[in-house]
Structures are given as C-alpha cells and as structure tokens.
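First the structure, in the form of structure tokens, and then the observations on it.
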Amino acid sequence: MAFWLGILAGALFAWIAMRIGFYETWTMLFNIVISVYAAVFLTPIIVNTIPSAGITPCGSALTLAAVAIGTFLILYGISYTFITGQFSVSLPKIFDTVGAGVLGFLAGFLVLSFTAFLICVTPISQNKFVGSVGLSTQSQQANISYICWWCDLVNGIVSRRDKKVASQEVINELVSRTQPEAKPETGERAEPNEPGGFNDMETPVYEGNQLGPLLSADVEDM
C-alpha cells in the first residue's frame, strides 16, 4: 500500500511541478533529497550523543522528522532568498512540462516514502493492522530502497571512500531500535558459559548506536 500511496503522491507532485516549472521543481527536489539524507545520517549521531532524544518509543521518528523538516526549511529559505526568489530561468516548454513532471514525481515519491519510513521506526509498526495495510518494514522494501538510493547518491559525493557507510546499514539500525527484544521461550534457561548466562560476567555489553562513532567521523570528514 505504501508503494501505491507513493505513486499517488508522485502524481500529485508532478501536477504541482508542471505548474511551477522545471527550475523551481529542481530546487525543491534538491532540498528534499538533502533533508532526507541529513535526517537519515544525523539521527543516529544525535540519538547516540543525546540519549534522551531516542529514549522514548517514538524518539527516533521524532528526531528524523525534526531534522528533515528543519533542514528543508533552512534550505528553502536560502534557496528562495538567493536563487528562486532572485532569478527566473526561462526554459523550453518541454522542460517545464515533461521535465518538471518527472522531477516532481521523484520528489513526491521520496516524500511519501520517507513519511512511511517514519512509521517503521515507531512501535506502531508492530501492530497487526498496520502490517496488514502495508505500512510495516517488510512491506516497504521498495520505498526504503528508494530512500537508500538517494542517500547513497549524496553520500558518494560528500563522503570519503574509506569512510562511507551504506544507507541500508543506518536504516536497519534505526528500525532495529523499535523491534521488540527476543525473549527466551518458557522452560529455557541460558547456560552459565553461554552469552547471556548468569556467570558470563566478562561478556561485553554495548549500549547505544553502534554506527554513531563511525557516522560522527564520517560527518567530520565531509
């Protein structure tokens, strides 16, 4: 269902894009892509640095939304003040119709895919009804892959080759925060020498985001 909602959102954005033109639509798509990229890659760092940002059940989703919306508003203000609000570029009719429509569709599908992904990083994604309407993680593989494609495209430009982190890894880390912890079946007991056993005192325990330090180093090298 999320895929078809993305198609409808893309069609709506394509209609809007053909009304505003290719130049403004390209700027809008650029702002949306950067906003989604910043949200995906900065949220693990924020949650790792400020644990209270992700301690609530919807903490990761709220952080994702806040970073994305904040980044978009900043970029929109900058682009309108210095670019779209100051210059008007005249292009052939085909660019303002077909070209703008294609870019608008890509932007709309990305916005809907990101919105649907926000549901995946909340506890509501574990609800059976939510899964039945196609808003679970398993049902959104096409939408998540689309988000990863854009994020990897930007990451390939702004990150060093030896510091790259795949977008899929970051998204999996965000989704795993909302997954219920596996509980041992009734009657089972961990062995003393097995991980999780009551005598396993030397087993290291890692808390927080495992990708946080790596992503922090990646951001510093940008």
**Among the candidates SER52, SER60, SER79, residue that is of a type in the set (Gly, Ala, Ser), surrounded by fewer than 19 Cβ atoms within 10 Å (Cβ to Cβ) and under 15 Å from ARG177 (Cβ atoms)** = SER52
**Message:** Among the residues in segment 47-62, are any β-branched (Val, Ile, Thr), without any contact (Cβ under 8 Å) to a residue 24 or more places away in the chain and either touching a Ser or Thr at 6+ places or on another chain (Cβ under 7 Å) or not in a loop (DSSP other than H, G, I, E, B) (or both)?
**Reply:** no
**Long-range neighbours under 8 Å by Cβ, at least six apart or interchain, first residue closer than 18 Å to VAL98 by Cβ within segment 19-37, second surrounded by fewer than 23 Cβ atoms within 10 Å (Cβ to Cβ) and of a type in the set (Asp, Glu)** = GLY21/ASP96; PHE22/ASP96
**Item:** Candidate set from segment 90-109 (those that are among the aliphatic types (A, V, I, L, M) and at pLDDT 95 or above); member that is surrounded by the most Cβ atoms within 10 Å (Cβ to Cβ)
**Value:** ALA107
**Residue ID - nearest to SER125 (Cα to Cα), chosen from residues in segment 63-82 that are among the β-branched types (Val, Ile, Thr) and either touching a residue at least 12 places away in the same chain (Cβ under 8 Å) or touching a helix residue (DSSP H, G or I) at 6+ places or on another chain (Cβ under 6 Å) (or both)** = THR63
**Item:** Candidate set from segment 110-142 (those that are of a type outside the set (A, V, I, L, M, F, W, C) and at pLDDT 90 or above); member that is nearest to TRP4 (Cα to Cα)
**Value:** SER113
**Fill in**
Inside segment 8-50, the number of residues satisfying the requirement of being more than 16 Å from ILE171 (Cα to Cα), of a type outside the set (A, V, I, L, M) and within 19 Å of the chain's Cα centre (by Cα) is 4
**Item:** Cross-chain or 6+ apart pairs with Cβ under 6 Å, segment 143-171 first and under 16 Å from LEU118 (Cβ atoms) and in a helix (DSSP H, G or I), then modelled with pLDDT of 85 or more and acidic (Asp, Glu)
**Value:** SER167/ASP152
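Select from segment 60-94 the residues that are small (Gly, Ala, Ser) and under 22 Å from LEU110 (Cα atoms) and list them in ascending order.
Matches in segment 60-94: SER60, ALA61, ALA65, ALA66, ALA68, GLY70, GLY77, SER79.
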**Flag if THR63 is at pLDDT below 95, hydroxyl-bearing (Ser, Thr, Tyr) and under 23 Å from ALA166 (Cβ atoms)** = yes
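The values are calculated or read from the model by the stated rules, or taken from the named source; none is laboratory data. Since this is a predicted model, take the numbers as computed values, not measurements. Positions of Cβ are generated from backbone atoms using ideal geometry, with glycine treated the same way; all protein chains shown enter the neighbour counts.
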